[in-house]
Amino acid sequence: MIDAVIQSQIMAAVDALFDEQVDFLKALVRIPSLRGQEAPCQDLVAERLHRFGYEVDQWQLDEAEMQHHPGFSPVMYTSYERAYNVVGTHRPRQRKGRSLILQGHVDVVPAGPAEQWTSPPFEPSERGGWLYGRGAGDMKNGVTANLYAVEALKRAGMQPAAPLYQQSVIEEECTGNGALATILRGYQADGVLITEPHREQLMTAQVGVIWVQVELNVVPIHAGHTSSTFNVIEACFPIMGALRHLEAKWNANKAPSFADVDYPVKFVFTKIQGGEWPSSTPSRCTFDVRIGIYPEWNVADCQREIEATIREAAAQNPVLQQFPPTVRWHGFLSPGYVLPENTDVEAALAAAHEAVRCAPLTSHKGTALTDSRFYGLYQNTPALVYGANTKNSHSFDEAVELESLRRVTKVLALFVAEWCGLEEYK
Ligand SMILES: [Zn+2]
């Protein structure tokens, strides 16, 4: 690990910049970068990267270019008309160390009913050491940590002695196609770190995720004339029950990577929509399921088993024999990922963590997925996931603990120094 005097200079620089970092985080949270509306947020990141001296590459995601890649997931909801990635490149004067990608995503999930929030979701609010707002936790704080860790090195008169790429991506919450687009654009490095909020622990394995939508369609009649007990909304329930059975079977049959985790693969019914009018029998009901799979499992095999389960359950119903369900795959078709053991990049992070925290780096396994799979599976680059302590991700009153963000930024700055090496700031 680098000299203790230099370490403390770097950490002091993180402290000196921290108010500015939090202001930048607030500015990011103020932009509701929901799916299809991320462009202004990416413009702000690009502007900050320019100001910090990076060479900035901003480009539009191209579905046609990505769709034959095994990591591609079918696009949800909106087009990529205003969907941009941003990458800032730092080049050293003389390369001495190992190159690095620091990655974060700026897309956020919908806020839900605003009245359920203590303060409005897109107005950042600081209370009791936490910064509240949609995206404050997952994961705009991580984007600021990436930028300000490197900026702190410069404030301390140093800079990374290897190429360093600041990646601000989108689509993390529905497909991962933003991270995929960086790979197809040609970005690659010796190590990757994604600052997803993971309570200052290293994530060593993550499940894969599949999104499936089931739609039932029948011919409607007047509710007063119905002569059977069939109802398309109620007809969803046995199909959901069959999926719950499949979930129980998969959890009883754990793959080695998640053998020590309780309830690792979760089937969650996330949306349901059906019916047209209170006095008409419903003609349509659609529901969405988010399904976890083990990293060892193949996505296509899982899709086959899921679809067979849906079709067998539907076939039990005489009406659905006539009107079989439509099964749609859109959004995640994503394999899981297991971080290889004993890598140099993990050792560098562990040393940096220990220098800041005076305690060893601990780890956990994730029952949700992150973008790290792309770098690991398709570039064979170990991809670390490590970030601040947050609460209520994807819920009301989402927040990041600011002192945790400060510590993570310090760890990151020391990690960059260790991994990339240092040279004098020009
Ligand atoms: Zn996230």
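Listed values, structure above:
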quantity: Residue satisfying condition, being in a loop (DSSP other than H, G, I, E, B) and crowded, with 20+ Cβ neighbours inside 10 Å, within set Pro197, Pro220; calculated: Pro197
quantity: Candidates Val219, Val207, Val212, filtered to the one that is within 16 Å of the ligand (Cβ to nearest atom) and either of a type outside the set (Ser, Thr, Tyr) or under 26 Å from Ala417 (Cβ atoms) (or both); calculated: Val207
quantity: Options Glu403, Glu418: the member that is buried (at least 20 other Cβ atoms within 10 Å of the Cβ), of a type in the set (Asp, Glu) and closer than 25 Å to Met158 by Cα; calculated: Glu418
quantity: Matching residues in the range 71-87 - criterion: being under 20 Å from the mean Cα position of the chain (by Cα), modelled with pLDDT under 95 and not aliphatic (A, V, I, L, M); calculated: Pro74, Tyr77, Thr78, Ser79, Tyr80, Arg82
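Condition check ((1) surrounded by 23 or more Cβ atoms within 10 Å (Cβ to Cβ); (2) among the acidic types (Asp, Glu); (3) more than 16 Å from the ligand (Cβ to nearest atom)) across all residues:
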| position | (1), (2), (3) |
| --- | --- |
| Glu341 | no, yes, yes |
| Ala347 | no, no, yes |
| Ala350 | no, no, yes |
| His353 | yes, no, yes |
| Pro360 | no, no, yes |
| Phe374 | yes, no, no |
| Gln379 | no, no, yes |
| Lys391 | no, no, no |
| Ser395 | no, no, no |
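The values are calculated or read from the model by the stated rules, or taken from the named source; none is laboratory data. It should be emphasised that the depicted structure is a prediction, and the values quoted were computed from it without experimental measurement. A quick note on method: Cβ atoms are made from the backbone with ideal geometry, for glycine too, and the neighbour counts reach across all protein chains shown.
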